[in-house]
Amino acid sequence: MNSTAVDSKKAHRRRAFSAADRTTLTAFVGIPLFFHLLLVWVPAFLTIVLSFTYWSGISISRIKFAGFANYKNIFFDTPAFWEAIQNNVVWLLWFAGIATPLGILLAYQIDRQIRGHKFYETAYYLPVVLSLAVTGIIWNFLLRPDGFVNGLMGRDIDNAFSFFGNYDINLYVILTIASWRHIGYIMLLYLAGLKSVDMALREAASLDGATEWQTFKKVVFPAMKPVNIIVIVITIIESLRAFDIVYIIYGTSAGFPILGTLIFQNIAGEGASMKGAAYAVILFVLSIGPIIAYLRTTFKSDVQ
Amino acid sequence: MSDVTHGISRRSVLKGAAVGGLGLAAGGSLLAGCGSKGSGPLAYGARSVDAGPTAQNEALIAAYTAKTKNEVKYNATESNAFQNNLSQYLQGTPDDTFEWMAGYRMQFFAEQGLLADLTDVWGTIGDQYAESYKIASTGLDGKQYFVPKSWYPWGMHFRKSMFKDLGLSADTVTNWDEFLKMLDGMKKKGLVGFAAGDKGGWEAMGTFDIINARVNGYQFHVDLMAGREKWTDAKVLDVFKHWEMLVPYMNPNVLDLEWDGAMQLLLQKKAGAMLMGSWFGGNFKEQSQADYDDLSIIPFPEINPEHARDTVDAPIDGWCVAANGTNNAGGADFLAFAGDMEGVQATLDAKDKDGKSIPMTSANKGQDRSTYDAFQKEQMAVMDEAKYITQFLDRDTRPDFAGPVVGPAIQSWFKNPKDVNKIVDSLQAQWDALPPLA
């Protein structure tokens, strides 16, 4: 403040905006910012605060400071937490290693206009139109003990094939269902990106004698950097915030623990406790950590 | 507003319907204090969207409105969703009276000041109920916060026709050895012996309750629920040991089925027996009268002669008045009617859409037991044999322990019964980590 250089610089900058500019800016930046802070960051901050308390969610006067007790409870006494972490990690690996690459492959094939590409495009995109909750309902109808698939196999509920209750396979059943939608999502994003890649680049590559794979790896893929970033971030976020499908199929019971359902189970209902808030903070840190790190390195290399 | 409505007749208030309702919000406690002549329109929150309970509620409400001219707005929510939202519901703008359960689940909310005191209602209808129901309706402060509607026992259900085919009768399965022999016989016939589902996370709690009560007795069970005994106790391991003996006779997809899936096994004659609360008799009746007539219940067999069959899980369902409702006095007035034999009779007279009566065992002494059907008489016999009545695991212990901790623990036990030591260790650790009750 006592530096005149800074003052004059600021004054100079301020003069560049007319009164009307300032009003417009305040309206266009201020109002969304206000709601963003109010509806996203204030609750997020309060959740962090609440995660260090004991509270049943009823009458704020009963709140008690708990220190790290909720976290200690989660990390050391709650086996479901580690199961959930394991499920979320497998989910992430599956999405990153299988579902997302498949979506990219599909997008690439459709972009090359292989035979029947219109059909594939529609077929794979269809599930994306449905919300995850609806996806869960559909697959639950199909795969539950008295569902369509067991009916088709001629099995009654006493000898039904167990898709959701067999813990050797149910993770993969759920992941297949989730991928059914995720693949189409990624495909569409990538397809939009591919359409915007300049055809001249590819022609140049093929004139230089590059193979299909080389063209993709060395020319198309690097040209798609902005889309790639979005795809990676979406893959991470979708894997960590997974909730809908599991909730529809398993309800609030921890029949299939993932972080999303653990949060809900501990924060909703009669048994509400701030352990749920602590789960939410853990998920928050897990989601935001890798994303910030990734975006930072990406933008840093951009600047260089 | 409250001064205006206070002291004038019920009917004149109704004329100013909406205004009267608002006025009573402020005057509620005042009115409750002077003999609970509640009036004005009120809202009723139902904890079920099923056909049977809905028909019962509608009959009760129609009878109340016919008598008092007070209009009742009916709001129904599916039971799981209702339960999940209850805290928020009670702190927001709840219906004046809502369906809930007796025991710890009621006391928990009463203690937080979210339920209205119904001591006056009990003053009017109290002599129509046995003492045990009054105790179950009483909060930790000694006041009543609940009006009971109905009860049902948990026991072994089977189909009379199947029992006959297997050459069995109720007297031949009174103890554990006979019980296992029965299950073995069923298995040899290619049946599921002990139909079970635990996908919902609560169903199998009933099995834990009853085996614990049979092996270790009522007092140990109650003390365990209250945290005075430890989950790591050898006695708890003994419960799981007995439970494990039943696993070979269960359907293999326990974690795939919810309670209604297990019920289907019995309904379709694929299973010989099922431990469940008798409330599902209504579902059998909806299926057909013949299926309902075929249904039968006996107490869970004796395991430890010291405790014989002296305990039964018999949850009581009923109503509370939400303290934050707009018309507490109206809610209390409604419950005074609903709990009175007049209201009970209206509920009992309810018919489903096919014109069939809906089976209910009322908590009110006034229900003529000679009108009980055969299945209800058997339920009564199960109750009469028991000296001690428990509510159900998730009604007898802390809500932040039952749902989020015990439910998943039992599910992981089903995944791998060999993990039992780890599971009880974690149960105790999680109990110890619970925040102190305010």
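Where a number appears in this text, it was derived from the coordinates with a stated rule and is not lab data. None of the values given here were measured: they were computed from a predicted structure. Using ideal geometry, Cβ is built from the backbone for each residue, glycine included, and neighbour counts are taken over all protein chains shown.
Points worth noting:
- Loop-located trypsin sites (Lys or Arg not before Pro) in segment B:203-298 whose Cβ has at most 11 other Cβ within 10 Å (DSSP): B:Arg228
- Segment B:Asp171-B:Lys188, length gained on full extension (0.36 nm per residue, minus Cα span): 4.0 nm
- Average partner coverage of B:111-120, which counts Cβ from other chains inside 10 Å: 1
- Modelled FRET efficiency - R0 22 Å, A:Trp41 with B:Gln91, Cβ distances, 0.05 increments: 0.35
- Charge tally in the Cβ shell below 12 Å around A:Ala133, where Lys, Arg are +1 and Asp, Glu are -1, A:Ala133 excluded: 0
- Taking every DSSP beta bridge that has both ends in the protein assembly as shown, the antiparallel portion is near 60%.
- Spacing of the two label points (7 Å from each Cα toward its C-beta) at A:Ala210 and B:Asp373, in nm: 7.7
- Reachable lysines, given that their alpha-carbon falls under 24 Å from the alpha-carbon of A:Lys300 and they are not under 8 places away in the same chain: A:Lys217, A:Lys218, A:Lys225
- Where the alpha-carbon atoms of the protein assembly as shown are placed on the principal axes, they occupy 95, 74, 51 Å, in descending order.
- Average partner coverage of B:195-203, which counts Cβ from other chains inside 10 Å: 4
- Under the span-like rule (Cα at least 20 Å along the axis, Kyte-Doolittle mean at least -1.0), DSSP H helices of chain A: A:79-94, A:170-195, A:225-240, A:275-303
- Rg and Dmax of segment A:79-303, Cα atoms only, in Å: 20.5, 68
- Here the spin labels are modelled as points 7 Å beyond Cα on the Cα-Cβ line, and at A:Val197 and B:Glu58 they lie 6.2 nm apart.
- The region of chain A that goes longest without hitting one of the chymotrypsin sites (Phe, Trp or Tyr not before Pro) in a DSSP loop, each with at most 13 other Cβ atoms within 10 Å, is A:69-304.
- Compared with the dominant principal axis of the Cα atoms in chain B, helix B:374-385 is inclined by about 80°.
- Compactness of chain B, expressed as Rg and Dmax over alpha-carbon positions, Å: 22.6, 75
- Relative contact order %, chain A, counting alpha carbon pairs below 8 Å whose residues are six or more apart: 25
- For chain B, the longest principal axis of the Cα atoms and the long axis of helix B:51-68 meet at an angle of about 20 degrees.
- Cβ-based net charge around A:Tyr120, under 15 Å, with every Lys or Arg adding one and every Asp or Glu removing one: +1
- Under the convention that each Lys and Arg Cβ holds +1 and each Asp and Glu Cβ holds -1, the size of the dipole of chain A around its Cα centre is about 1280 debye.
- Neighbouring Cβ atoms from other chains, within 10 Å of the Cβ of residues in B:404-417, number 5 on average.
- Cross-link table A:Lys72/B:Lys241; B:Lys187/B:Lys353; B:Lys241/B:Lys270; B:Lys134/B:Lys199; B:Lys67/B:Lys351, entries beyond 28 Å C-alpha to C-alpha: A:Lys72/B:Lys241; B:Lys187/B:Lys353; B:Lys134/B:Lys199
- Residue-by-residue Karplus 3J(HN,Hα) for segment B:275-282, coefficients 6.51, -1.76, 1.60, Hz, glycine and proline x: 8, 6, x, 5, 4, 6, x, x
- Within a Gaussian network of chain A (alpha carbon springs, distance under 10 Å), most fluctuating of A:Leu207, A:Leu171, A:Leu46: A:Leu207
- Relative to the longest principal axis of the Cα atoms of chain B, helix B:17-33 runs at roughly 70 degrees.
- For B:Lys353 and A:Phe148, a Förster radius of 22 Å and the Cβ-Cβ distance give a FRET efficiency of 0.20, rounded to the nearest 0.05.
- For chain B, averaging the sequence separation of C-alpha pairs within contact (under 8 Å, six or more residues apart) and dividing by the residue count gives a relative contact order of 27 percent.
- Orientation-averaged projection of segment A:224-295 equals 5.2 nm² [convex hull of Cα atoms, one quarter of hull surface area].
- Note on segment B:111-245: Cα-Cα pairs beyond 26 Å make up 47% of the total pair count.
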